[in-house]
Amino acid sequence: MNDAQLIGDMIAALPMPTLGINRAERIFAMNDAARELLGANVLNRHFVTALRQPTLVEAVESSLETGQTQSARFLAREAGKDTTYEVSLRVIASTGDLLMTFQDVTLMAEAGQMRRDFVANVSHELRTPLTALLGFIETLRGPARDDPAASDRFLGIMAEEAGRMNRLVDDLLSLNRVESDERVRPRERCDLTEVLQTALRNLNPLAVDNDVTLQADFENTPRPLPGDRDQLLQVFTNLIENAIKYGGADKKVTLTLVATERDPTLRGPGLRVTVTDEGPGIDPLHLPRLTERFY
């Protein structure tokens with residue numbers, strides 16, 4: 001078996017899209033994953049006709065010329081979705097051929113973009129109340145200095161804006177805590193029934209203000225389980241609060257808790273909680289991204 005055949009067999013065994021480019025700058029080997037990504041008709045053709053992206057072409061040329069390892073991004077569109085690949089280029093010392101591997105980093109790229117968007121949105125949300133506070137402080141130092149009525153009104157608005165900023169900071173700290181603990185198995189136990197009852201009790205004034213009826217469709221039976229009580233309370237508070245806000249006035253929000261001997265998701269016994277409202281529901285346009293962070 002010659003070197004080209006050996007390299008071809010090695011490429012065929014790799015799970016990620018991989019191809020080989022020889023010193024004549026032609027693609028001499030590729031595996032099935034690379035064929036799906038680039039097309040089967042690129043075999044034995046010049047690499048430029050297959051890749052066609054300037055940054056990647058430059059990286060290939062540089063690696064073939066210098067023998068140095070290079071990396072670049074490759075953007076593709078598969079099944080109607082944009083995908084991003086991190087491409088690693090390494091020269092095989094014994095033959096001078098170039099080995100290219102494509103690692104799908106779409107999820108990491110999307111997470112990075114979502115985080116950048118999130119930071120931009122948070123910066124905007126903080127800037128708005130800060131601007132208002134600075135404006136009122138300037139007014140209190142100037143025209144309203146000797147006007148008690150105006151001072152009281154401005155101080156009230158400033159307190160609201162400061163509270164808004166405080167809630168935003170609390171949300172950020174909560175998010176940071178969730179992210180740091182997301183792979184840590186909870187050590188403490190809590191009563192899920194008590195958590196749900198607390199969430200309903202805390203949100204009852206909001207329901208009254210929105211003319212919404214809260215209904216607890218479960219027995220007052222303790223349901224102990226491993227979990228962080230505060231985080232579970234936050235989750236169900238958010239769900240119920242959204243149902244109250246967007247379910248519509250003169251409607252009902254129902255909270256159910258059912259114990260199952262075998263939950264299909266858990267593949268064992270479990271507790272299933274459902275929050276049901278009578279509103280129009282979430283626009284189908286947003287459903288695919290509903291569980292994305294920062295969306």
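The values are calculated or read from the model by the stated rules, or taken from the named source; none is laboratory data. Every value quoted in this text rests on a predicted model; they were computed, and no experiment measured them. Glycine also receives a Cβ, built like all others from the backbone with ideal geometry; neighbour counts cover every protein chain displayed.
Listed here are the residues, each with its yes/no results for (1) buried (at least 16 other Cβ atoms within 10 Å of the Cβ); (2) in a helix (DSSP H, G or I); (3) not charged (D, E, K, R).
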site	(1), (2), (3)
THR237	yes, yes, yes
ASN242	no, yes, yes
LEU257	yes, no, yes
THR260	no, no, yes
LEU266	no, no, yes
ARG272	no, no, no
Checklist line | Options GLU194, GLU160: the member that is assigned by TED's automatic domain parsing to the domain that holds LEU255 and of a type in the set (D, E, K, R) | finding: GLU194
Item checked: Search result, residues across segment 180-208 that are surrounded by fewer than 10 Cβ atoms within 10 Å (Cβ to Cβ) and modelled with pLDDT of 90 or more -> PRO205
Next item on the list: Identify all residues within segment 34-93 that are among the acidic types (Asp, Glu) and assigned to a helix (DSSP H, G or I); write none if there are none.
Entry: GLU36, GLU58, GLU61, GLU65
Item checked: Single residue of LEU140, LEU75, LEU98, LEU134 found to be surrounded by fewer than 16 Cβ atoms within 10 Å (Cβ to Cβ) and in contact with a Ser or Thr (Cβ under 9 Å, 6 or more places away or on another chain) -> LEU75
Checklist line | Criterion: touching a strand residue (DSSP E or B) at 6+ places or on another chain (Cβ under 7 Å) and part of a helix (DSSP H, G or I) - qualifying residue of ILE11, ILE27 | finding: ILE11
Checklist line | Matching residues in segment 9-44 - criterion: being surrounded by 14 or more Cβ atoms within 10 Å (Cβ to Cβ) and basic (Lys, Arg) | finding: ARG26, ARG35
Checklist line | Selected residue [at pLDDT below 80 and either more than 33 Å from the chain's Cα centre (by Cα) or under 30 Å from GLU78 (Cβ atoms) (or both)] from ASP97, ASP146 | finding: ASP146
Notebook entry, point to check: Which pairs have Cβ atoms under 7 Å, sit 6 or more apart or on different chains, and link a residue in segment 258-276 that is over 11 Å from ARG223 (Cβ atoms) and in the same structural domain as VAL235 (by TED's automatic domain parsing) to one that is among the small types (Gly, Ala, Ser) and in a strand (DSSP E or B)?
Noted result: THR260/GLY270; ARG262/GLY268; ASP263/GLY270
Next item on the list: Take GLY96 and decide whether it is at positive phi, in contact (Cβ under 8 Å) with a residue 40 or more places away in the chain and not acidic (Asp, Glu).
Entry: yes
Next item on the list: State the number of residues belonging to segment 143-162 that are touching a helix residue (DSSP H, G or I) at 6+ places or on another chain (Cβ under 9 Å) and either assigned to a helix (DSSP H, G or I) or surrounded by 14 or more Cβ atoms within 10 Å (Cβ to Cβ) (or both).
Entry: 10
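For every residue, the table says whether it meets (1) among the hydrophobic types (A, V, I, L, M, F, W, C); (2) modelled with pLDDT of 85 or more; (3) assigned to a helix (DSSP H, G or I); (4) within 26 Å of LEU107 (Cβ to Cβ).
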site: LEU233; (1), (2), (3), (4): yes, yes, yes, no
site: ALA249; (1), (2), (3), (4): yes, yes, no, no
site: GLY279; (1), (2), (3), (4): no, yes, no, no
site: ASP283; (1), (2), (3), (4): no, no, no, yes
site: PRO288; (1), (2), (3), (4): no, no, yes, yes
